[in-house]
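Step one of this worksheet: look at the structure below.
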Amino acid sequence: MGQGALDRSDPGSRRTDSDSDFARDGPQSRTTIPEHVTRVLSRAKWSSRALSRILLHLLIRLFVPEDAPIVVGIDETIERRRGTKIAAKGIYRDPVRSSKEFFVKTSGLRWISMMLLTPIPWACRVWALPFFTVLAPSERYNQQHRRRHKKLTDWGRQMIRQLRRWLPEHMLVVVADSSYSVLELLACAARMIEPVVIVTRLRLDAALYDPAPIRKPGTNGRPRKKGPVSPPWRSGSPIRPPFGSASPWLGMAKPHAPSN
């Protein structure tokens, strides 16, 4: 790896480590890698979750200080793969080529990745180090194989619960985009024995409701699923959620108005 990095230090060079060895020592310098080494992941029995757990503990030991909260990010990415054997692929929105005016579709595999967010001292920035990845098949693939389709929030809830099982005593903070701003997911994280903090974006015009009131005996009709409308969280509103406050829609403490 070090030799390859030195060979690629020249921007105009396209040499690899094998090319440099071949040019220096001739064809006798090339070594043959045994077949059982190159195909160990496809033929041997191994658990991806066990490897993810080992990788997570190694990253925490190297980059996270003691008694510090563990901040992880969760996001999905599209792997553009083609072929007759790539059955779990689907058609999704291309986040790179799409914009507010144009909607671009792409075909591939959708992976949900959980990454450890930690500052790297020598890089002077926060890096996202992936340690846990799950394949989220398309809805058409699940229908063809007669499987129950899981949404992104369903996969995200299972990944968060798995992370809590791996780290039962640590404080966990999950950072996600607006795709995961679902009350069912937030309620699941808040109702754990050791709650998980989720930081996500929410629309300013989102319709938020209080929990449904307790149904009185003898009341006719269907039971209510939601209570009265909560005040909107808009800039300039007299009631604004302070940093670190709990959500009132999960049956927890209600936010208070700032003093000034």
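The values are calculated or read from the model by the stated rules, or taken from the named source; none is laboratory data. These numbers come from a predicted model, not from an experiment. Don't worry about glycine lacking a Cβ; one is built from the backbone with ideal geometry, like all the others, and counts go over all protein chains shown.
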It is to be established whether one or more residues within the stretch 123-140 are modelled with pLDDT of 85 or more, closer than 14 Å to ASP75 by Cα, in contact with a Leu (Cβ under 7 Å, 6 or more places away or on another chain) and loosely packed, with under 13 Cβ neighbours inside 10 Å.
yes
Per-region count, the stretch 76-105, residues touching a residue at least 12 places away in the same chain (Cβ under 8 Å) and under 20 Å from the mean Cα position of the chain (by Cα)
13
Could you check the stretch 70-92 and list, in sequence order, the residues that are more than 30 Å from GLU194 (Cβ to Cβ) and not in a loop (DSSP other than H, G, I, E, B)?
ILE78, GLU79, GLY90, ILE91, TYR92
LYS225 modelled with pLDDT under 85, in a loop (DSSP other than H, G, I, E, B) and surrounded by 11 or more Cβ atoms within 10 Å (Cβ to Cβ):
no
Scan of the stretch 40-64 for residues that are within 20 Å of ARG165 (Cα to Cα), more than 17 Å from the chain's Cα centre (by Cα) and of a type outside the set (A, V, I, L, M, F, W, C), ordered by number
SER47, HIS57, ARG61
Considering the stretch 64-95 alone, what residues qualify as being more than 20 Å from TRP127 (Cβ to Cβ) and aliphatic (A, V, I, L, M)?
ILE78, ILE86, ALA87, ALA88, ILE91
The listed residue being at pLDDT below 80, of a type in the set (A, V, I, L, M) and either in contact with a Phe, Trp or Tyr (Cβ under 7 Å, 6 or more places away or on another chain) or surrounded by 13 or more Cβ atoms within 10 Å (Cβ to Cβ) (or both), out of ALA87, ALA5, ALA23:
ALA87
Neighbours by Cβ (under 8 Å, 6+ apart or cross-chain): first from the stretch 150-175, part of a helix (DSSP H, G or I); second among the acidic types (Asp, Glu)
LEU152/GLU76; THR153/GLU184; ARG157/GLU184; ARG164/GLU194
